[in-house]
1. Among the residues of the stretch 459-471, is there at least one that is surrounded by 16 or more Cβ atoms within 10 Å (Cβ to Cβ), within 16 Å of the ligand (Cβ to nearest atom), modelled with pLDDT of 95 or more and under 27 Å from Gly333 (Cα atoms)?
2. Is the stretch 38-49 home to any residue that is touching a Cys at 6+ places or on another chain (Cβ under 9 Å), polar (S, T, N, Q) and under 27 Å from Leu123 (Cβ atoms)?
3. Which one is nearest to Lys298 (Cα to Cα), of the residues in the stretch 265-287 that are under 17 Å from the mean Cα position of the chain (by Cα) and either modelled with pLDDT under 90 or loosely packed, with under 13 Cβ neighbours inside 10 Å (or both)?
4. Output the residue which, of all residues in the stretch 192-219 that are of a type outside the set (A, V, I, L, M) and touching a Gly at 6+ places or on another chain (Cβ under 9 Å), is surrounded by the most Cβ atoms within 10 Å (Cβ to Cβ).
5. Check whether at least one residue in the stretch 349-363 is in a helix (DSSP H, G or I), out of contact with any Pro (no Cβ under 7 Å at 6 or more places or on another chain) and under 16 Å from Ala446 (Cα atoms), and report yes or no.
6. Looking only at strands (runs of 3 or more DSSP E) that fall completely inside the stretch 33-150, which ones have 1 or more residues that are more than 30 Å from Val191 (Cα to Cα), out of contact with any Ser or Thr (no Cβ under 6 Å at 6 or more places or on another chain) and outside the structural domain of Leu192 (by TED's automatic domain parsing)?
7. Of all residues in the stretch 376-398, which are more than 11 Å from the ligand (Cβ to nearest atom) and over 15 Å from Asp432 (Cα atoms)?
8. Search the stretch 338-353 for residues being over 12 Å from Gly451 (Cβ atoms) and not aromatic (Phe, Trp, Tyr), and hand back the single one that is surrounded by the most Cβ atoms within 10 Å (Cβ to Cβ).
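The values are calculated or read from the model by the stated rules, or taken from the named source; none is laboratory data. Keep in mind the model is a prediction, meaning the values are calculated, not measured. Every residue, glycine among them, receives a Cβ derived from its backbone with ideal geometry; neighbour counts consider all protein chains shown.
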Amino acid sequence: MDQLPIFLTLRGQRCLVVGGGEVAERKVRQLLAAHAAVTVNSPQLAGGLQELLAAKRIEAVLSPFDAGLIDTHLLVYAATSDTAVNRAVAAAAHQALRLCNIVDDPTHSSFISPSIVDRSPLLIAVSSGGRAPVLARMLRQQLERWLPLRLGELAAWAGQWRETIKTRLPDIAARRRFWEQAFSGTLGAQVLAGRTQAADTALHSALDAQAQADASRTHGEAWLVGAGPGDPELLSLRGFHLLQHADVVLHDRLVAPELLAFARRDAELIDVGKTGGGPGASQAAINELLLEKVRAGKRVCRLKGGDPYVFGRGSEEAAALAQAGLPFQVIPGITAANGCGAYAGIPLTHRGLAQAVTFVTGHAAAEATAGEPDWAALAALGQTLVIYMSGRKLAAIAAELIARGRGSQTPAAVVIAGTLPEQRIISGTLADIAARSAEAGIGSPALLYVGEVVGLAGQLGWQTPASTAARPNLELRPGDLQ
Ligand SMILES: C[S@@+](CC[C@H](N)C(=O)[O-])C[C@H]1O[C@@H](n2cnc3c(N)ncnc32)[C@H](O)[C@@H]1O
């Protein structure tokens, strides 16, 4: 972070603007909006500034830059059209330890003016540190469109009730829950619709309800959330919402790190992907931790790669919660077979090529840990096989399938790091996919696809590093540039 964003309270504080033109006037008006006491220093004043002077809203020193003024002012703006004068102002301010902004010269400024979304008392400041002002402006425009006009009224309304709520709900977590519900539920909607009186009345009953619920609450809740196969944008909206509200986030190794930034700043983040001596050894510890946190009254987001109920042991965690009588929700995620197939151009079914799809784990298929797999069924024609955790067992799996009658020339592909910018696809047939993968270096995580649909990847594949970079994350449109 090159700059520290702060919001200054300028009411009654003396601020100096050096310059008398339109640019200076814009700065003066911003300062006046923040109730600062403004002095303008310039030999001449443009029309707007003259009017402000006549209305006694500003003071003026009608002379060339007077360095003696700096000492008596908190903030200094240099807004003349003369670079030498602006730099002299900056040098004098710097020497006197005053914060100074030179218009359009971030390098010589000690602070910059951000783009502002003003829903007072709610303020949002956007800055690119002077590097991409157009981008900052586009982002501000997005926020302007997205944020309700009455959001400031909602913030002001909450401010009026703050002390009352603090007294009624002394517990900080209870207060947080109350406000979260108030802002996202009926109370917030009423204020945003301009029905403040109705909201005031409803607030009292909401407070009573919350106090009662808190008194009877003995534990928190667990949310088993599928985070998708890798691309962080594949998280569901509900998963996103719950992640933002969690007190504790227990996350897996395969969860996109970017997703963790959506958790609350004060949420406890625990990487359970690294605990224990392996997934088998650590599962009991994960279950125990989950129960412990929920029993302690926490809202726990258990963020799992892909879908929690597809080879994710989510059902074991849910069973532990159910047995302990603790509440939980399960939010599905996009499983790797779906996500990687979509990004690699491999549909799971396709008219005339595959009428069924089977997900199987390489562990079960090659080691028969869950009983000997029904190889004949897995080798049946007209279906797509997606094999998770196939890893180094590719050759054994391919041999079994061929032995049970699946043609050796059946298309097969290994998708590595699917849906991520570094996604790789190794294509071949059942006969040679193991050798090709060994040659290319397989990496992890990886999925094996077998079936005629794999042949469509050449035509339907679209994911490249360039397409990932081109994703319109900010939903910026050409019109935003105008
Ligand atoms: C323990 S399983 C978890 C599966 C997860 N619950 C799901 O629904 O996708 C992990 C396996 O999923 C597959 N996998 C997960 N993410 C992947 C990705 N981005 N690319 C390729 N395979 C992936 C790999 O086979 C990996 O070994």
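1. No, the stretch 459-471 contains no residue that is surrounded by 16 or more Cβ atoms within 10 Å (Cβ to Cβ), within 16 Å of the ligand (Cβ to nearest atom), modelled with pLDDT of 95 or more and under 27 Å from Gly333 (Cα atoms).
2. Yes, some residue in the stretch 38-49 is touching a Cys at 6+ places or on another chain (Cβ under 9 Å), polar (S, T, N, Q) and under 27 Å from Leu123 (Cβ atoms).
3. Of everything passing the filter in the stretch 265-287, Asp266 is nearest to Lys298 (Cα to Cα).
4. His219
5. Taking every residue of the stretch 349-363 in turn, at least one turns out to be in a helix (DSSP H, G or I), out of contact with any Pro (no Cβ under 7 Å at 6 or more places or on another chain) and under 16 Å from Ala446 (Cα atoms).
6. Passing ranges, in order: 37-41, 59-61, 75-78.
7. Answer for the stretch 376-398, where residues must be more than 11 Å from the ligand (Cβ to nearest atom) and over 15 Å from Asp432 (Cα atoms): Ala376, Ala377, Leu378, Ala379, Ala380, Leu381, Gly382, Gln383, Thr384, Leu385.
8. The extreme case among them is Cys340.
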